[in-house]
Amino acid sequence: MAKKDGKGTKDGGQGEDGAPAPLRRLLRVPGGKDVDLSSYDARARPAGPRDKAAGLAAIAQMGERLADLQERLWAGSTRGDRRRILLVLQGMDTSGKGGTVKHVIGHFNPAGCRIRGFKAPTAEERGHSFLWRIRRALPEPGEIGIFDRSHYEDVLIARVRELAPRKEIAHRYGEINRFEKSLADDGVTIVKCFLHISYDQQRRRLLARLDNPDKHWKFTADDIDDRELWPAYQQAYETALERCSTPHAPWFLVPADRKWYRNWAISKLLLEHLERLDPQYPKADFDVAESRRRLLAGG
């Protein structure tokens with residue numbers, strides 16, 4: 001991750017052999033270490049395209065490969081492969097969770113995607129464990145699941161707004177880690193992206209909504225209230241990143257002030273994880289030659 005003080009990975013990061021380092025390594029949040037979000041530049045480009053035009057071209061180029069890998073993942077599930085991907089999107093308002101769904105997930109066949117947004121829990125959901133509604137929305141084998149907000153709301157807004165006792169919230173980090181470990185053990189590749197937006201950029205995006213009548217539906221007075229709690233939210237995110245970036249489910253910090261870079265980075269992270277899975281089309285479990293002979297014989 002590129003820091004404002006120049007420490008850490010710089011633009012165009014490379015591995016020890018001189019080849020470009022995988023983005024999943026450059027953006028990964030090291031677990032168990034203190035995280036200071038103010039030290040990370042929300043406009044950084046730790047790797048990848050240098051400008052918007054190149055970024056958009058790179059995203060388009062990745063589209064065909066992403067679609068092919070998704071189809072292979074789905075095909076494998078028809079023969080018992082339980083693997084699937086869960087993309088978790090978290091970030092402050094206007095950081096681009098919805099935009100990511102629109103621009104990045106557009107590469108995939110919607111039939112193989114399961115998209116779920118998590119708002120305030122319903123009365124029914126409040127009657128269960130905070131993970132109850134999450135379990136019900138998980139992707140099935142072969143699918144790519146996308147969470148616009150997630151179970152992390154219960155250690156973010158719940159902490160800032162004091163919606164649960166602090167002792168209970170402290171216990172939830174461990175519950176989340178155990179839950180995510182169980183998912184990984186069952187074939188779920190978890191890609192957790194924190195969309196890191198700056199305070200000033202959020203103001204610009206909120207003003208753009210106010211200045212466009214067609215965007216007023218996206219704005220509520222709560223958006224301003226939450227800005228007044230910015231330090232508390234940043235601290236809540238830092239704690240979640242520190243405690244819940246694990247080997248089986250690491251967090252990735254994605255600079256989100258530049259929308260095109262955000263979209264490129266998440267597309268690239270998904271591509272790298274799919275390529276590591278390397279799903280394959282299953283071999284035919286029938287006699288191909290005989291089936292072809294019968295089809296031709298039948299005219």
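Structure data summary
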| item | result |
| --- | --- |
| Net charge contributed by nearby residues that have their C-beta within less than 10 Å of Asp257 (K/R +1, D/E -1) | +4 |
| Cα gyration tensor shape of the stretch 87-131, rounded if a/c is under 1.5, else prolate or oblate by comparing a/b with b/c | oblate |
| Dipole-positive endmost among Ala221, Ile105, Gln234 within the chain (Cβ charges, Cα centre) | Ile105 |
| Amide H within-cut-off set for Gly117, under 5 Å, with H built and near neighbours excluded | Asp148 |
| Relative contact order [Cα under 8 Å, 6+ residues apart], the chain, whole percent | 30 percent |
| Given charges at beta-carbon only (K, R positive; D, E negative), |dipole| of the stretch 151-299 in Debye | 380 debye |
| The stretch 17-63, accessible area per residue, ligands and nucleic acids excluded (1.4 Å, Å²) | 54 Å² |
| Option label - Rg and Dmax of the Cα atoms in Å computed here, alternatives (i) 18.6, 56; (ii) 18.5, 53; (iii) 20.9, 75 | (iii) |
| Net charge over other residues, Cβ less than 13 angstrom from the Cβ of Arg65 (K, R count +1; D, E count -1) | -4 |
| Taking the C-alpha atoms of the stretch 110-206, convex hull volume expressed per residue in Å³ | 137 Å³ |
| Ellipsoid semi-axes in whole angstrom, largest first, where each is sqrt(5λ) of the Cα gyration tensor of the stretch 151-299 | 43, 24, 15 |
| DSSP bridge orientation in the chain - percent antiparallel, rounded to nearest 5 | 15 percent |
| Size of charge dipole - the stretch 124-210 - debye, nearest 20, with Cβ of Lys, Arg +1 and Asp, Glu -1, no other charges | 520 debye |
| Of Lys181/Lys259; Lys33/Lys167; Lys52/Lys97, those spanning more than 23 Å from alpha-carbon to alpha-carbon | Lys181/Lys259 |
| Heavy-atom accessible area order for Trp217, Trp264, largest first, 1.4 Å probe | Trp217, Trp264 |
| Neighbourhood charge, 12 Å Cβ-Cβ cut-off, centred on Gln235 and excluding it, Lys, Arg +1 and Asp, Glu -1 | -3 |
| Whole-angstrom Cα spans of the stretch 201-263 along principal axes, big to small | 45, 27, 17 |
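The values are calculated or read from the model by the stated rules, or taken from the named source; none is laboratory data. These numbers come from a predicted model, not from an experiment. We place every Cβ from the backbone using ideal geometry, glycine too, and count neighbours over all the protein chains shown. Protein only, heavy atoms only, side chains kept; ligands, DNA and RNA dropped before computing areas. Shrake-Rupley method; radii C 1.70, N 1.55, O 1.52, S 1.80 Å.
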